[in-house]
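Undergrad: I'd like to ask you about the structure that follows.
The values are calculated or read from the model by the stated rules, or taken from the named source; none is laboratory data. Quantities reported herein were computed from a predicted structural model and do not represent experimental measurements. Here Cβ is always computed from backbone atoms with ideal geometry, including for glycine, and neighbour counts include all displayed protein chains.
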């Protein structure tokens, strides 16, 4: 789990640096696919903002050996983190591969 957090932190840092320099990239798809893209994107962004403090809280409880509290938070954190990771890949593919 610590490796996952380390790689996620590295990814988030590189992502923020990239978008600081490049800015936003417009989605070129239209119609229903654009609606689907923005639906996925909005849920991804909102949950990505929530997942950062949740991961920190979950790790903090594990580090303090509060394992019962850790497990309670992990039951919320893990599926959200998985969703954010998966939708990030979907957003990337839709933006840069399928509709570029």
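Undergrad: Identify, by number, the condition in (1) at pLDDT 95 or above; (2) in contact with a helix residue (DSSP H, G or I) (Cβ under 9 Å, 6 or more places away or on another chain) that residue 39 doesn't meet.
TA: If we test residue 39 against (1) at pLDDT 95 or above; (2) in contact with a helix residue (DSSP H, G or I) (Cβ under 9 Å, 6 or more places away or on another chain), just (2) comes out false.
Undergrad: Return only the number of the condition from (1) under 24 Å from residue 100 (Cα atoms); (2) at pLDDT 95 or above that residue 76 does not satisfy.
TA: Of the numbered conditions (1) under 24 Å from residue 100 (Cα atoms); (2) at pLDDT 95 or above, the odd one out for residue 76 is (1).
Undergrad: If you don't mind, another one. Which one of 64, 28, 71 is without any contact (Cβ under 8 Å) to a residue 12 or more places away in the chain and surrounded by 11 or more Cβ atoms within 10 Å (Cβ to Cβ)? Break it down into steps so the answer makes sense when it comes.
TA: On the way: 64 fails: surrounded by 11 or more Cβ atoms within 10 Å (Cβ to Cβ); 28 fails: without any contact (Cβ under 8 Å) to a residue 12 or more places away in the chain.
None of the others qualify; the one that does is 71.
Undergrad: Right, something else. Take segment 17-56 and flag every residue that is assigned to a helix (DSSP H, G or I) and over 17 Å from residue 87 (Cα atoms).
TA: Initial filter on segment 17-56 (assigned to a helix (DSSP H, G or I)): 17-22, 32-56.
Answer for segment 17-56, where residues must be assigned to a helix (DSSP H, G or I) and over 17 Å from residue 87 (Cα atoms): 17, 18, 19, 20, 21, 22, 32, 53, 54, 55, 56.
Undergrad: What residue, of 33, 90, 84, is more than 24 Å from residue 4 (Cβ to Cβ) and in contact (Cβ under 8 Å) with a residue 12 or more places away in the chain? Quick ask: steps written out before the conclusion?
TA: Working: 90 fails: more than 24 Å from residue 4 (Cβ to Cβ); 84 fails: more than 24 Å from residue 4 (Cβ to Cβ).
Residue meeting the stated conditions: 33.
Undergrad: Does residue 58 qualify as being modelled with pLDDT under 95 and farther than 22 Å from residue 97 by Cβ? If you could, list the steps in order and put the result at the bottom.
TA: Details: modelled with pLDDT under 95: no; farther than 22 Å from residue 97 by Cβ: yes.
In short, no.
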